[in-house]
Amino acid sequence: MTRGHTETPRRLELPTGWRRLAARLPIVLFRAGLGPIFGKRLLLLHHTGRVTGLDRHAVLEVVSYDPSGESWTITAGFGSKATWYQNLRAQPKTVIQFGNRHHAVTAHFLTTDEGAEVMARYARRHPRTARRLCAFMGLPADGSEASFREAGRAIPFVRLDAATTSRRP
């Protein structure tokens, strides 16, 4: 079994200017106590800068959620070079906000085979969004399960498992 993930086929550019402001708006909404408006689709990840040691935040899409085991699977849409992804690699124990609840979690980085399975399940639940995600990342996906599995092998996925108790940051 292969561990870790390769970088996505094309280098995605991080948003700048007004697009960056729009991308950061959900952070403000979570901080204002409006996290529930995102339902079970987004979470706020608190992470520590691996170089600066400063608190950082990122709002990420929840690819899958297991309420019985309290685990959330997220993906690095900009690849393994995303700052939050690298910060979690350096310090996998952190806190997320899901709705208005805070959860202490530990990050587990999925293998490429696990990522393939996660992407196939996601594509069954959200076929249009999965095709758009693949197109955005420059990954070929013709709508077949096999193409989504192949795309899932190229995308870094992270499972966040809740600790036994919740805490606020």
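Here is the figure for the stretch 49-65: residues that are over 10 Å from the mean Cα position of the chain (by Cα), farther than 18 Å from D161 by Cβ and without any contact (Cβ under 8 Å) to a residue 60 or more places away in the chain total 8.
Residues in the stretch 66-82 that are in contact (Cβ under 8 Å) with a residue 24 or more places away in the chain, more than 13 Å from F157 (Cβ to Cβ) and either crowded, with 16+ Cβ neighbours inside 10 Å or small (G, A, S) (or both): 3 in all.
For the stretch 100-158, the set of residues classified as crowded, with 19+ Cβ neighbours inside 10 Å, among the hydrophobic types (A, V, I, L, M, F, W, C), more than 17 Å from Y65 (Cβ to Cβ) and in contact (Cβ under 8 Å) with a residue 60 or more places away in the chain consists of F109, M137, L139, A154, I155, listed by residue number. Return the residues of the stretch 20-37 that are surrounded by 12 or more Cβ atoms within 10 Å (Cβ to Cβ) and in contact (Cβ under 8 Å) with a residue 40 or more places away in the chain; say none if nothing qualifies. Correct list: F30, G35, P36. Residues of the stretch 38-65 that are among the small types (G, A, S) and exposed (fewer than 14 other Cβ atoms within 10 Å of the Cβ): G39, G53.
Just one of the listed residues (T75, T106, T48) is more than 24 Å from V28 (Cβ to Cβ) and touching an Asp or Glu at 6+ places or on another chain (Cβ under 8 Å), namely T106.
Readers should treat all values here as calculations from the given coordinates under stated rules, not as data from a laboratory. All values reported here derive from a predicted model rather than from experimental measurement. FYI the Cβ positions are ideal-geometry reconstructions off the backbone, even for glycines, and counts take in every protein chain you see.
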